Structures are given as structure tokens and as C-alpha cells.
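Here is the structure we will look at.
None of the figures in this text is laboratory data; all of them are computed from the coordinates on show. The structure displayed is predicted, hence computed values, not measured ones. We place every Cβ from the backbone using ideal geometry, glycine too, and count neighbours over all the protein chains shown.
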Amino acid sequence: MTRHGSVGRVGYAPGVYDLFHVGHLNILRRARERCDHLIAGVVSDEKALLAKGRAPVVPLGERLEIVEHIRFVDEAVVESAATKLEMWRLHPFDVIFKGDDWRGTPKGERLERDFAGVGVEVCYLPYTIHTSSTLLRATLDGFAS
């Protein structure tokens, strides 16, 4: 199914990966345990701004460089396509990984519907609740005031 030759099961782990922290590392580690080749999709600054209402602190080029040097990641690509399904068409994969905070939400259900039609599994991984880029950013903002 995928264009990655004989690498076996290909996984895709999209994320902004801003202010890289242990939660990001946990997702990438757990994703890599469930596939033979892991593609990390680093969300573009523009898409992150649209989705979160603010631009990432760390610029895209730096986030991409950080993620591509994580040993669990086989390939890092910029996610600038309008949808995850479009990213699948550009970089075919067999399973997409999302944090379990997406499970049972409208966006998670839409993801499941979209990928059911093309035979891609949606795998939810434990979200590291005690840390996030949003929490780190709020802490940093507190220091600045």
C-alpha cells in the first residue's frame, strides 16, 4: 500500500512539536513501537496559527530539525496540506497516531471516518497530561509579566 518499499507498517505522527518536551517524546516513542517506519508530520506555522489561534514559539525550520533528529523518527515532513487525508496521499501510511485527548471528540471521529474509507488505522496514544506546549507557554508568560 505504501510507497516506502519493504519497510513494513508505516506510521504517521502529526504534531506542532512546539517547545519540544517529554510528552512529544512519549508520543514518538510509543508510535515507533507500533510501526516499522515512522513519519513525523511537523505542522506548519500557518496551520498551527489557524488551529491554535497563535503561532508556535519555535519556528518551523527549527521544529523540523529537532524532530528529524529524534531516534524514533525515520522521516520528518512539513504538514502544510489542508487535511490529514491529503497528507496521506502525499506520504502514504498505514496508521496515524494521535493523543488520546482526541478520542471521542468531533475531530477524532472525523479522522476515524476519513481514514476508514482508505483502510488507515487510527491509533490513540496516551496523552502526557502533566506537560504540554500550552502549559509551558503559560509558565513562560508568567515569568515575563
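Full-extension gain between Arg89 and Val118, please, as 0.36 nm times their residue separation minus the C-alpha to C-alpha distance. It would help to have the intermediate numbers written out before the result.
Values: separation 29, 0.36 × 29 = 10.44 nm, distance 1.01 nm.
9.4 nm is the gain from fully extending Arg89 to Val118.
Show which aspartates and glutamates lie in cross-link reach of Lys47 when reach means a straight Cα distance below 12 angstrom and same-chain residues fewer than eight apart are skipped.
Glu79
In nm, to one decimal, how far is the modelled label at Asp100 from the one at Arg29, with both set 7 Å along Cα→Cβ?
Here the modelled spin labels are 1.6 nm apart.
Label-point separation (nm) for Glu75 and Lys52, each offset 7 Å from Cα along Cα-to-Cβ?
Between Glu75 and Lys52, the label points sit 2.5 nm apart.
If I model a spin label at Arg9 and Glu68 as a point 7 Å from the Cα along the Cα→Cβ vector, what separation in nanometres do I get?
Each label point is offset 7 Å from its Cα along the Cβ direction, giving 2.7 nm.
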